[in-house]
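*Asks:* After the structure tokens below, expect a handful of questions from me.
Taken together, the values in this text are just the output of simple stated rules run on the coordinates, not laboratory data. Not measured: the values here are computed from a predicted model. Cβ coordinates were reconstructed from backbone atoms using ideal geometry, including for glycine residues, and neighbour counts include every protein chain displayed.
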Amino acid sequence: MTDREMLILAAKAGRVYIVPCTCSDPRFPFKFDPAVYKNEPGYTGHWNPLEHGAQALELASHTETCIEFGSCQESAPIVTCWPASEPEYKTSRGNFPDSRVATRRTIVESVAAAQLRYIEICGDD
Ligand SMILES: [Zn+2]
């Protein structure tokens, strides 16, 4: 799954309304849909929870994703996430390259995996 595909699934799971961004910055393929978020401060500009910690946290909270941090063993994951609706879609990541990057990516991956599973069972709406 590409990052782009993963972001589309994660947005759907978090009920975030996005549209492709036309600025051509490869790190930010999407932005908040301005037609939906007309007068909502904080919901303008790019949306990419792989890059933006607050957006990742909001995605985790909207999908009731459990986030577990920490390990006293170097080889063990520093972050493990699993959405409440699909606890088997647990995703873990080590402290590489950066714990903040790892945390954001783990949240998005687990939410996207759970959403893909939901679509397989219930269909896409
Ligand atoms: Zn852009």
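*Asks:* Does any residue of the range 52-71 turn out to be within 16 Å of the ligand (Cβ to nearest atom), among the hydrophobic types (A, V, I, L, M, F, W, C) and within 20 Å of Thr103 (Cα to Cα)? Steps first, please.
*Replies:* Pass one, the range 52-71, residues within 16 Å of the ligand (Cβ to nearest atom): 52, 55.
Now restrict to residues that are among the hydrophobic types (A, V, I, L, M, F, W, C): none.
So far as the range 52-71 goes, no, none of its residues is within 16 Å of the ligand (Cβ to nearest atom), among the hydrophobic types (A, V, I, L, M, F, W, C) and within 20 Å of Thr103 (Cα to Cα).
*Asks:* In addition: Scan the range 1-30 for residues that are of a type in the set (D, E, K, R) and more than 13 Å from the chain's Cα centre (by Cα) and jot them down.
*Replies:* The first filter runs over the range 1-30 and keeps only residues of a type in the set (D, E, K, R), leaving 3-5, 12, 15, 25, 27.
Of everything in the range 1-30, those that are of a type in the set (D, E, K, R) and more than 13 Å from the chain's Cα centre (by Cα) turn out to be Asp25, Arg27.
*Asks:* Here's something else I'd like to know. Looking at this structure, is Ala35 touching a Ser or Thr at 6+ places or on another chain (Cβ under 9 Å) and more than 15 Å from the ligand (Cβ to nearest atom)? Full working, then the answer.
*Replies:* Numbers: touching a Ser or Thr at 6+ places or on another chain (Cβ under 9 Å): no; more than 15 Å from the ligand (Cβ to nearest atom): yes.
In short, no.
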